[in-house]
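Enquirer: Just dropping this structure here.
The values are calculated or read from the model by the stated rules, or taken from the named source; none is laboratory data. Every value quoted in this text rests on a predicted model; they were computed, and no experiment measured them. Virtual Cβ from ideal backbone geometry, glycine too; neighbours counted across all protein chains shown. To get the accessible areas, we keep the full protein, side chains included, count just its heavy atoms, and leave off ligands, DNA and RNA. Shrake-Rupley method; radii C 1.70, N 1.55, O 1.52, S 1.80 Å.
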Amino acid sequence: MTTWKSERPATGTETALHVARPRRWPGTVAVLVLTPAVMVGCSWLAQKQGTLVLLLGAFLAMLVLVTAWTMCGAGPGALVAASGFAFMLFVGPALGDYVLDQRGLRKDAVIVETGIYRTRHTRADGRTCTVVPLDTAEAGSRSYDVDGTDGCGEELKTGQRVTVVTDPQGWLAPRMNTEVTGVSPSQVWVSGGLLVSMEAFILYGRLRRRA
């Protein structure tokens, strides 16, 4: 006995839905790759001393995070933006510590002047040291300003000899040798954890929207 199987042809609505269904994986791959890459680039821009570069990095970071937020949906997108912003805050200083430790030039110098300044946000007094290298090629023609966050502490006095570390490319601000210790394990773990969290939220948001 022969059994005939009737196949119902697809209706016009079903065909249209099948054709119109978007392919989401290219956008997912793009967000997974470009978002952390741009965050790293923006965090590196933020290490440059200068308002214009800082504003450029902040604008690019905001643009990318808003785009990722939109592509991942409201809930997951908010988590992507929060973890991406935190990742940028941690990975930037880690990059600065690594680069200055690896390619920084250590120079013997002397403190020729100290000063006090008031910060805008905390309204607390900050300290700055002006140091001049002892190298005859630079002595008298080049000086460096080092603030309190980069090693100009209260214990340093005018006329005291110190070691200053400078970036040969001029991108990073100079620091005292005591503040150049490379990347700490906590910076690596926190940056890595935030990166994994951001990628997980992106993947969850894209799969959730597809479902």
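Enquirer: Given the options 12, 96, 73, 84, name the one that is open to solvent by less than 30 Å² (accessible area, probe 1.4 Å), at pLDDT below 90 and among the small types (Gly, Ala, Ser).
Expert: On the way: 12 fails: open to solvent by less than 30 Å² (accessible area, probe 1.4 Å); 96 fails: at pLDDT below 90; 84 fails: at pLDDT below 90.
Answer to the check: 73.
Enquirer: What's the number of the condition residue 182 fails, among (1) open to solvent by 20 Å² or more (accessible area, probe 1.4 Å); (2) over 22 Å from residue 112 (Cβ atoms)?
Expert: Failing condition for residue 182: (1).
Enquirer: May I ask you to list the residues in the stretch 185-197 that are touching a residue at least 24 places away in the same chain (Cβ under 8 Å) and open to solvent by 40 Å² or more (accessible area, probe 1.4 Å)?
Expert: Start the filter on the stretch 185-197 by keeping residues that are touching a residue at least 24 places away in the same chain (Cβ under 8 Å), which leaves 187-188, 190-191, 194-195, 197.
Matches in the stretch 185-197: 188, 190, 195, 197.
Enquirer: Right, something else. Regarding residue 38, is this residue crowded, with 20+ Cβ neighbours inside 10 Å and more than 19 Å from residue 94 (Cβ to Cβ)? Give the derivation first.
Expert: Numbers: crowded, with 20+ Cβ neighbours inside 10 Å: yes; more than 19 Å from residue 94 (Cβ to Cβ): no.
In short, no.
Enquirer: Within the stretch 105-154, how many residues turn out to be acidic (Asp, Glu), exposed (fewer than 14 other Cβ atoms within 10 Å of the Cβ) and at pLDDT below 85?
Expert: So the answer is 2.
Enquirer: Provide a single number: the residues in the stretch 175-211 that are within 24 Å of residue 148 (Cα to Cα) and in contact with a Lys or Arg (Cβ under 9 Å, 6 or more places away or on another chain).
Expert: So the answer is 2.
Enquirer: Does residue 69 satisfy the criteria of being under 19 Å from residue 194 (Cβ atoms) and either over 12 Å from the mean Cα position of the chain (by Cα) or not in a helix (DSSP H, G or I) (or both)? Outline the logic, then answer.
Expert: Values: under 19 Å from residue 194 (Cβ atoms): yes; either over 12 Å from the mean Cα position of the chain (by Cα) or not in a helix (DSSP H, G or I) (or both): yes.
Criteria met by residue 69.
Enquirer: If you don't mind, another one. State whether one or more residues within the stretch 76-87 are touching a strand residue (DSSP E or B) at 6+ places or on another chain (Cβ under 8 Å) and within 27 Å of residue 198 (Cβ to Cβ).
Expert: Step one: of the stretch 76-87, the residues touching a strand residue (DSSP E or B) at 6+ places or on another chain (Cβ under 8 Å) are none.
Scanning the stretch 76-87 turns up no residue that is touching a strand residue (DSSP E or B) at 6+ places or on another chain (Cβ under 8 Å) and within 27 Å of residue 198 (Cβ to Cβ).
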